[in-house]
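The values are calculated or read from the model by the stated rules, or taken from the named source; none is laboratory data. No experiment lies behind these values; they were computed from the predicted model shown. Reconstructed Cβ throughout: ideal geometry from the backbone, glycine too, with neighbour counts over all protein chains shown. To get the accessible areas, we keep the full protein, side chains included, count just its heavy atoms, and leave off ligands, DNA and RNA. Shrake-Rupley method; radii C 1.70, N 1.55, O 1.52, S 1.80 Å.
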Amino acid sequence: MPGARTSRWLIAVPMALLALATVYPLVFTANAAMKTRRDYILDRFALADTLRWDNISTAWTTAGTARYFFNSVLVVAGAVALLLLFGSMAGFALSHLRFRGSRALLLGCLAALFVPFQVIMVPLVRTMADTGLVDTYPGLILAYTAQFLPFTIYLMTSYYSAIPAEIVDAARIDGNTPYGVYRRIMLPIGRPALLSVGVLNALFCWNDVLIALLMMPSAEHRTLMVGVTSLRGQYTADIPTFASGVLIAAVPVLAVYLFFQRRIADAVTAGSTKG
Amino acid sequence: MSAERLAPFVLIAPAVLVIVLFRLWPLLLGVNFSFTGDGDRNGAAVGLDNYTELFADPLFLGALRNVGWLVLLLPVAVAIPGMLATFIYLRVPGHRLYRSVYFFPAVLSPVIVGSIFNLLLSFDGPLNSVLDVVGIEPVDWLGDSKVALFTVVGVHVWATFGMALVVFLSGFATLDPALLDAARSDGAALPQVIRHVIIPGLSRTIQFVFVTTMIGMLTSMFGLIYVMTSGGPGGSTYLPEYYIWIQQGQMNRPAFASAASTVLFLVMLVVGLAQVSFLRRTGKED
Amino acid sequence: MKQRVLWPAAVVVALALAGCGSATGNEPPSNSASGKLVVWDWKSSDKTATAYVEKAKADFAAKHPGVTLEFVAQPFDQYYTLLGAAIQAGKGPDVMMFNGGGQIRDRVDALVPLDQYVAPDKERLAGWDAFTKDGKAYASPVTLQGHPIYFNKDLYKKAGLDPQKPATTWDGFTADCAAITKATKASCFALGNKEGIGIQFFLSAFGSGILTPQEYDDWIAGRRDWNSPNVKKVFQLWKDVNDQGLNSKGGNSTTMFTDAFGIFQSAKATNIIGLMSDIGHWKDFNEFIGPDNLGVMKSPVITAGTTPSLPFDGGIGYGVAKWTKDPALAADLVRSLTSTDALTTFYTNAGAVVSDTTVKTTDGGVAVTAIVADLKTGKPALHVALSSKTIELMGRLSQQILEGSVSVDAALKQLGESDRS
């Protein structure tokens, strides 16, 4: 198919340009992090003359990186674990088990998806304060879980819905309980979706600033992105230091994505060959 | 048998508990709050006063009109990652690389993305220099009230399409490759393959991306608006969430902000559910 | 189907009827019970403010050895939202930083009047008015903020003009600008109005050259006539300056913080209406164009018979929360934060023009010396007297005036209505 081959290459050209455009901001950020404030203000685009690490080290210490990094990892890991567990359980129940009110529940879940955070911001802080969860790790983990669970359930439900009912029926005939079906069939089949929604949720939680600020008033409980945001200052006067902070916070996410991205791709291929 | 019938409820219980406690209950509190006053009338019941004031404010109405624009632009925001994911799935040359790097902008905070585009799009910035070479008049991308909203939406799409791409790619796992091969061996051209195999096969994923992209557009463009336009020029890029933020923080009117939030919630609910049912219907027709 | 519609409606009605009592949490509990004070601000994490905070902490520790202090630096973008949420949720700090003007006046409900605790500082510190409502001071000023017109002497020299004698009339001023633009291509003003802040600076910097002293004082006292010819002149001038090409290009898409400052710093504009503290101030500009090349002027005389003066107010200050256990203790911390020693450090490191009038500023170059000298005859800035709501509206209208989508008259009509309500 020579025609198809040419058209594939024709498509590849704009895609490659787009790839360049998506890498550029990271390059810009890294470049800005290497500049002095003066150099940055005088010419933002020019390449940094030398590799200068003082902005990075300033950002590292000022943003309280070591401790905040630990806080972020703990909270994100906790939230993502809960999200995937609760989300896949609910997604399975809503897509394959018929029970009274399942449609209403799915609708309710959709509705919860449409609650903008600003609507519940203040009352949520009060609810958390009333239950003694403000300024605790479980509090922030639960806040993230609540924030992103509707999204997770919705994704898992729509993913599982595409899986033929015969597979579930066959497993039931083999003597599996619903829990068994969930554990032996649904979790393995759901891997591509779980991996993607896990990565996305991790990204949302990791990059969140507002919820973390509201839930964790004391300095020692702050997350990394909160520390980095504080580097921006009132007037964004020191972009190089801020860019350094952004870089520090972005590297782990990139690493996680690149690691799981392969897994997601593999899972996609595995899923598609299975049919 | 009773354990069997209990199973679905056990499976959904944790999710329902979390959502009701930390999402729906605060929502009810917030709606309740929107019927109270601010400042001197703090805590007093004011009935529908906040809502009356809200719908008399041209700025808020402008923000709602902008929501309309976003909804109209939604198909574009979904089609772009959809097309790209299709090409990657069809193994366009370099697909592995694209799959990795397209996600990069999504890991940067909107603040830094916005700052970079501020520079690129400034009146004497690189983009206008390029246009100048080609002989096109410079455009004040962020300073012209007729253009600014579309500029910001463009940057938002650019910054977030990587996430939709991930979802699309995982959706392809449920697509039967046999159908694709059959269509290919029948000699179907790419547009036909997309139209007859991929779109129907991915209808749930597409619906999902539609809904989440809409939520992303309506609730998380705050960072970009804040950095790139501050709602300007002349309030032309105000979105409800930015309005809520300004009322809550700068104006210190939390109850009034709650009323605006409630309206935003209802608008999103209506638009979102309409979209879901529309997509479901078109999905069935196929 | 009918039922489904009815029940949400019933919920809404029930909520509307029950709508009361949830605006503020009852009795926010205090942090200070255990001999601990929590301070919120957006400054203490700045490199240039660390030494200042350390000085203040040391001063306080000497007086109250048993009390621990926790400074929580919040990001400024979220500061007032967080403060609002904390106040409503009943989890707030004991001492908190405020901007002078509308931001603190809107929130005095949550604050303790400080007059009885800080009486000894009243003389030494300037800028109290910005933190005062109904005759009570709710915060002690740390810095002074104002709007000098800075200019680049080097560009004057390049155009063959005498930088020691900038023009004192509007015609002379624009003639100088024209000469400089011709010789150096630098625009007359660096304008940043993306945030709608350009108009605030413009109004306050040129106000004293346009409004008569009587009109000026009336404006500050709350008697503002938006239809008067001189007020109209301010906004007409705002439009004319832009129409005549005196501003740097793309003002509506340029941020004041910090793109407009960057234009001035890289000598692409001759003049900029800047600040006295924080940023975009003499120290920032000294660093880029050199202390000897930085000049400061007051507004030219635009309406005959006016006496131009430096517009300034209290900049930032610390206040005490109403719910703190021991207001006297918290107020003592505020006093430490405004001690001469601490403020001297803040001036030296950050270049802030501090509220303490006894701090020596002779070593900072000509510009800061001139600014400090002008403080004696200075007056409150016109825009600080406006409510947050009117300021926000003015920002939007100013952008529309520049775009040409709203006329000056229509803008003034809207502003007058907003100011009265």
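List of remarks:
- Residues of the stretch B:91-117 satisfying the condition of being open to solvent by less than 20 Å² (accessible area, probe 1.4 Å) and over 20 Å from the mean Cα position of the chain (by Cα): B:Val92, B:Tyr98, B:Val101, B:Ile116
- Residue in the stretch B:19-30 that is in contact (Cβ under 8 Å) with a residue 24 or more places away in the chain and either open to solvent by 30 Å² or more (accessible area, probe 1.4 Å) or more than 30 Å from A:Tyr182 (Cα to Cα) (or both) present: yes
- Residue among C:Phe257, C:Phe264 that is buried (at least 24 other Cβ atoms within 10 Å of the Cβ) and not in a loop (DSSP other than H, G, I, E, B): C:Phe264
- Apart from one condition, B:Ser122 fits all of (1) more than 23 Å from the chain's Cα centre (by Cα); (2) away from chain C (no Cβ under 14 Å); the exception is (2).
- Scanning the stretch A:74-94 for residues that are farther than 30 Å from A:Ile163 by Cβ and either in contact with a Gly (Cβ under 6 Å, 6 or more places away or on another chain) or surrounded by 15 or more Cβ atoms within 10 Å (Cβ to Cβ) (or both) returns a single hit, A:Val75.
- Scanning the stretch A:196-229 for residues that are facing chain B (nearest Cβ under 10 Å), over 14 Å from the mean Cα position of the chain (by Cα) and not in a helix (DSSP H, G or I) yields nothing.
- Tally of residues being more than 9 Å from chain C (Cβ to nearest Cβ), of a type in the set (Ser, Thr, Tyr) and surrounded by 21 or more Cβ atoms within 10 Å (Cβ to Cβ) across the stretch B:220-237: 1
- Of all residues in the stretch A:140-189, those being more than 9 Å from every other protein chain (Cβ to nearest Cβ) and under 18 Å from the mean Cα position of the chain (by Cα) number 5.
- Here A:Phe70 fulfils each of the conditions (1) more than 11 Å from chain B (Cβ to nearest Cβ); (2) free of Cβ contacts under 8 Å to residues at least 24 places away in the same chain; (3) not in a helix (DSSP H, G or I) apart from (3).
- Residue satisfying all of: in the stretch C:352-387; open to solvent by 50 Å² or more (accessible area, probe 1.4 Å) and not hydroxyl-bearing (Ser, Thr, Tyr); modelled with the lowest pLDDT among these: C:Asp363
- Unique residue being farther than 26 Å from C:Val408 by Cβ and open to solvent by less than 10 Å² (accessible area, probe 1.4 Å) when the list is C:Ala186, C:Ala179, C:Ala205: C:Ala186
- Single condition C:Glu287 does not satisfy, out of (1) within 21 Å of the chain's Cα centre (by Cα); (2) of a type in the set (Asp, Glu); (3) not in a strand (DSSP E or B): (1)
- Of all the listed residues (C:Thr345, C:Thr338, C:Thr390), the sole one being within 14 Å of another protein chain (Cβ to nearest Cβ) and either touching a Lys or Arg at 6+ places or on another chain (Cβ under 6 Å) or open to solvent by less than 10 Å² (accessible area, probe 1.4 Å) (or both) is C:Thr390.
- So C:Lys298, is it among the charged types (D, E, K, R) and either open to solvent by less than 10 Å² (accessible area, probe 1.4 Å) or more than 25 Å from C:Asn349 (Cβ to Cβ) (or both): yes
- Within the stretch A:200-212, the residues that satisfy the criterion of being open to solvent by 10 Å² or more (accessible area, probe 1.4 Å) and at pLDDT below 90 are A:Phe204, A:Asn207, A:Asp208, A:Val209, A:Leu210.
- Tabulated pairs, the stretch B:172-187, first closer than 16 Å to B:Ile199 by Cβ and more than 9 Å from every other protein chain (Cβ to nearest Cβ), second open to solvent by 60 Å² or more (accessible area, probe 1.4 Å) and among the polar types (S, T, N, Q), C-beta under 9 angstrom, 6+ apart or interchain: B:Ala183/B:Gln192
- Residues of the stretch A:10-46 satisfying the condition of being surrounded by fewer than 16 Cβ atoms within 10 Å (Cβ to Cβ), at pLDDT 85 or above and part of a loop (DSSP other than H, G, I, E, B): A:Thr36
- Qualifying residue in the stretch A:122-139 (condition: open to solvent by 20 Å² or more (accessible area, probe 1.4 Å), assigned to a helix (DSSP H, G or I), more than 23 Å from B:Met268 (Cβ to Cβ) and at pLDDT 90 or above): yes
- Any hit, the stretch B:34-48, residues being of a type outside the set (D, E, K, R), more than 7 Å from every other protein chain (Cβ to nearest Cβ), outside any helix (DSSP H, G or I) and touching a Gly at 6+ places or on another chain (Cβ under 6 Å): yes
- Exactly one residue among C:Gly280, C:Gly222 is assigned to a loop (DSSP other than H, G, I, E, B), open to solvent by 20 Å² or more (accessible area, probe 1.4 Å), assigned by TED's automatic domain parsing to the domain that holds C:Val406 and under 30 Å from B:Gly231 (Cα atoms), and that residue is C:Gly222.
- Residues of the stretch C:271-292 that turn out to be among the β-branched types (Val, Ile, Thr) and out of contact with any strand residue (DSSP E or B) (no Cβ under 6 Å at 6 or more places or on another chain), as a count: 1
- Residue in the stretch A:66-74 that is at pLDDT below 85 and more than 26 Å from A:Ile141 (Cβ to Cβ) present: no
- Residue among C:Val301, C:Val359 that alone is within 29 Å of C:Val108 (Cβ to Cβ) and either over 20 Å from the mean Cα position of the chain (by Cα) or of a type in the set (Val, Ile, Thr) (or both): C:Val359
- First in the stretch B:62-75 and open to solvent by less than 10 Å² (accessible area, probe 1.4 Å), second anywhere and of a type in the set (Val, Ile, Thr), Cβ under 8 Å, 6 or more apart: B:Val67/B:Val267; B:Val67/B:Val271; B:Leu70/B:Val153; B:Leu74/B:Thr213
- Any chance C:Gly92 is more than 22 Å from the chain's Cα centre (by Cα), open to solvent by less than 10 Å² (accessible area, probe 1.4 Å) and of a type in the set (Gly, Ala, Ser): yes
- Taking helices (runs of 4 or more DSSP H) as the structural unit, those lying wholly within the stretch B:191-280 and holding at least 1 residues that are under 16 Å from B:Val71 (Cβ atoms) and touching a residue at least 60 places away in the same chain (Cβ under 8 Å) correspond to B:203-219, B:240-245.
- Selection of the stretch A:51-65 for residues being small (Gly, Ala, Ser) and either open to solvent by 70 Å² or more (accessible area, probe 1.4 Å) or not in a helix (DSSP H, G or I) (or both) yields A:Ala63, A:Gly64.
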